[in-house]
Amino acid sequence: MATLLTINVKNFEAQTQGFYFFQQPAVYTGGGQVYSNSLFSQSLGNYDGTGSILTFQVNLQYYAGIQQANTPPQIGASSGYASASRAIDLAPSSGSGKPNDWTTATVNPLGLSAPVYGEGVQPGAFRITTPVFNSPPYYNVGSAVAVNGGIVLSNFVQANPASNTDCQPILKYYVQTGSYTPGSVMDFTQSSVTAALADFTGGYTVCNITLNANGTWSTQLQ
């Protein structure tokens, strides 16, 4: 059975608040600027008044993703439309074993091949190889996640034609007040400064996050 990472949010501020969730961008080798997407967004009433808890769940399984777009990424806009994803392994740090850590993209039709073992993939990463293509359209490649039942491209770079992109996902998720439509490009640097952090890198699977009445955050990992 797949392992789920769970974030439970309580709101102790007097007013109903919107919350959105996003992931620490992966480390990329190949490609240019790294972009982040919002993964989930929903409003939540005061806990004392409503008893409501907002739960965000993401599958621990790693996914490679590719997405087609008409324009380069823009903050606040959807990152693209047609997309494909594949469950994929990460290259081991020790060099032992032969995980299925390499997938090859196609653009017509849009897709990713079944992953196989690839030589020279960065430790802790997976590799996406892109074919020859002309833009527009543009193609985004990167790390996708299974969130609350659907797969969303979490963070990405614009793909270069006929190139390799190695992507090393990071199991850190953030919660911030406000609203970003899931699948839309957000400003990670600005949003993460005052956000609550759920750091699952130590093997934890549940993080309870509280927005306190004074606007500060409290987090508890378990």
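The values are calculated or read from the model by the stated rules, or taken from the named source; none is laboratory data. The model shown is predicted, which means the values in this text are computed figures rather than measured ones. Don't worry about glycine lacking a Cβ; one is built from the backbone with ideal geometry, like all the others, and counts go over all protein chains shown.
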TODO: Return yes when Gln57 is part of a strand (DSSP E or B) and in contact (Cβ under 8 Å) with a residue 60 or more places away in the chain and no when it is not.
DONE: yes
Open item on the list: Can you confirm whether Val206 is closer than 23 Å to Asn8 by Cα, free of Cβ contacts under 8 Å to residues at least 12 places away in the same chain and surrounded by fewer than 17 Cβ atoms within 10 Å (Cβ to Cβ)?
Closed with: no
Open item on the list: Can you tell me which condition Ser38 does not meet? The list is (1) over 15 Å from the mean Cα position of the chain (by Cα); (2) surrounded by 14 or more Cβ atoms within 10 Å (Cβ to Cβ), and all the others hold.
Closed with: (1)
Open item on the list: Please verify whether Asn208 is at pLDDT 95 or above, farther than 30 Å from Ser113 by Cβ and touching an Asp or Glu at 6+ places or on another chain (Cβ under 9 Å), treating the condition exactly as stated.
Closed with: no
Open item on the list: Go through (1) of a type outside the set (A, V, I, L, M, F, W, C); (2) out of contact with any strand residue (DSSP E or B) (no Cβ under 8 Å at 6 or more places or on another chain); (3) not in a loop (DSSP other than H, G, I, E, B) for Ser135 and report which single condition fails.
Closed with: (3)
Task: Filter result for the condition that a residue is buried (at least 22 other Cβ atoms within 10 Å of the Cβ) and in contact with a Phe, Trp or Tyr (Cβ under 7 Å, 6 or more places away or on another chain), over Gly178, Gly142 - done: Gly142
Task: Members of the range 179-222 found to be over 25 Å from Leu4 (Cβ atoms) and part of a loop (DSSP other than H, G, I, E, B), listed by number - done: Asp187, Val193, Thr194, Asn212, Ala213, Asn214, Gly215, Thr216
- [ ] Residue by residue through the range 145-173, note down the ones that are surrounded by fewer than 22 Cβ atoms within 10 Å (Cβ to Cβ) and either assigned to a loop (DSSP other than H, G, I, E, B) or touching a Leu at 6+ places or on another chain (Cβ under 7 Å) (or both).
- [x] Val147, Asn148, Gly149, Asn160, Pro161, Ala162, Ile170, Leu171, Lys172
Open item on the list: For the range 2-32, which positions are in a loop (DSSP other than H, G, I, E, B) and touching a strand residue (DSSP E or B) at 6+ places or on another chain (Cβ under 7 Å)?
Closed with: Ala2, Phe12, Glu13, Thr16, Gln24, Pro25, Ala26, Gly30, Gly31, Gly32
Open item on the list: Condition first: in contact with a Lys or Arg (Cβ under 7 Å, 6 or more places away or on another chain) and more than 24 Å from Leu39 (Cβ to Cβ). Can you find one or more residues in the range 121-132 that meet it?
Closed with: yes
